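Data first, discussion second: the structure below is written as structure tokens.
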Amino acid sequence: MMDMNVKEDNYRKRMNLGQDGNALVQLLVLNAVLFVVLKFVYIAFLMTNASIEGFNTHVYNWFVLSANPEKIAWRPWTLISFMFTDQELFRFISNMFWLWSFGYILQDLTGNRKLIPIYLYGGVGGAIFFVLAYVVFPQAGVNADMHYLSAANCSIAAVAVATTMISPGYRIFPMISGGIPIWILTVVFLLLNFSGVQSGDTATYIAYAAGAGTGYLYIDQLRRGRDGSIWINQFFDWFGDLFNPEKKKKPKNKKDEFYYNVGGTQPYKKIPNITQKRIDEILDKINQQGYRFLTNEEKEILKRAAEEEDL
């Protein structure tokens, strides 16, 4: 877990749940909205004396992932929609709790632009191996047409493993004997995750394991200098700008980018100026990328600002 000066920590701007652009809130809201909408449609089907099979055939199965590649070819959006789709209340509540728990810590460690990419990668990774399980190992299911993958389990497994890899020494509930290591929380989640799979459903076991493995692979590649979140965030930024044409793109600071790439070494040392605007820019950078991506100059500004405030 990263070390921070206590005074700097006073200036650290966390992502509030109500703040615009909070990736964790966006994921929670999207999952909740789709869950409620499908429940209302389900109730409407029952009120019209329609069968549950009718609801599954005409509505639910258009959102979940089929194990049959031919169906996926006709419904490619299900590679994404399945990880936001659930109709089991207890599983949904449990998943949202775990997503909030690991997602909050992940944002605290890396900023706001890693959570959604890891969530999506975990879901897609689980989906690929779910389908492959039926193609390569037919014994995983009797009929691929009758088997579907749904809910956020694969995605949350990726988030949990990625969070643990970033900071395995991170502790929660510090009042309990110095805190509980996050890896213990992750083990508990994975055990509960796998225990919820129906006996004999090998494909779903494989999908959950693949989701967790995707989280591991993402952080491994990130440490090697390959950030898989960049293109996803660029796509979302581009898509968002389509509905906000007046938004001006913030120019990149080429100097900071150069110094970061060469290890933060600067040709000379200068005393940074402290202005409220500069502090706000640094706090925004912490929100988006995380504290560990600050330059030495930016950390010094926070430290000096905290010291001046105490005077």
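The values are calculated or read from the model by the stated rules, or taken from the named source; none is laboratory data. Just so you know, these numbers come straight off a predicted model, no measurement behind them. Methodologically, a virtual Cβ is constructed for each residue, glycine included, from the backbone with ideal geometry; neighbour enumeration extends over all protein chains shown. Protein only, heavy atoms only, side chains kept; ligands, DNA and RNA dropped before computing areas. Shrake-Rupley method; radii C 1.70, N 1.55, O 1.52, S 1.80 Å.
If you filter region 171-198 down to residues that are aliphatic (A, V, I, L, M) and touching a helix residue (DSSP H, G or I) at 6+ places or on another chain (Cβ under 6 Å), you find that the one that is modelled with the highest pLDDT is Ile182. Could you say whether any residue in region 215-224 is surrounded by 23 or more Cβ atoms within 10 Å (Cβ to Cβ), not basic (Lys, Arg) and not in a loop (DSSP other than H, G, I, E, B)? So far as region 215-224 goes, yes, one or more of its residues are surrounded by 23 or more Cβ atoms within 10 Å (Cβ to Cβ), not basic (Lys, Arg) and not in a loop (DSSP other than H, G, I, E, B). Take region 67-87 and flag every residue that is outside any helix (DSSP H, G or I) and open to solvent by 40 Å² or more (accessible area, probe 1.4 Å). Listed by number, the residues that qualify are Arg75, Pro76, Trp77, Gln87.
Rundown of residues vs (1) surrounded by 13 or more Cβ atoms within 10 Å (Cβ to Cβ); (2) of a type outside the set (Phe, Trp, Tyr); (3) in a helix (DSSP H, G or I); (4) under 15 Å from the mean Cα position of the chain (by Cα), yes/no style:
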{"site": "Cys154", "(1), (2), (3), (4)": "yes, yes, yes, yes"}
{"site": "Ala158", "(1), (2), (3), (4)": "yes, yes, yes, yes"}
{"site": "Thr163", "(1), (2), (3), (4)": "yes, yes, yes, yes"}
{"site": "Pro168", "(1), (2), (3), (4)": "no, yes, no, no"}
{"site": "Pro174", "(1), (2), (3), (4)": "no, yes, no, no"}
{"site": "Leu185", "(1), (2), (3), (4)": "yes, yes, yes, no"}
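Only one entry in Ser94, Ser155 is at negative phi, among the hydroxyl-bearing types (Ser, Thr, Tyr) and in contact with a Phe, Trp or Tyr (Cβ under 6 Å, 6 or more places away or on another chain), namely Ser155.
If you filter region 66-122 down to residues that are of a type in the set (A, V, I, L, M, F, W, C) and touching a strand residue (DSSP E or B) at 6+ places or on another chain (Cβ under 8 Å), you find that the one that is nearest to Thr214 (Cα to Cα) is Leu79. Assess whether Leu109 counts as being assigned to a helix (DSSP H, G or I) and out of contact with any Gly (no Cβ under 8 Å at 6 or more places or on another chain). In short, no. Filtering Phe90, Phe129 for residues that are more than 18 Å from Thr163 (Cα to Cα), in contact (Cβ under 8 Å) with a residue 12 or more places away in the chain and either of a type in the set (D, E, K, R) or in a helix (DSSP H, G or I) (or both) leaves a single hit, Phe129. Counting residues in region 31-43 that are assigned to a helix (DSSP H, G or I), over 25 Å from Trp98 (Cα atoms) and either open to solvent by less than 30 Å² (accessible area, probe 1.4 Å) or in contact (Cβ under 8 Å) with a residue 60 or more places away in the chain (or both) gives zero.
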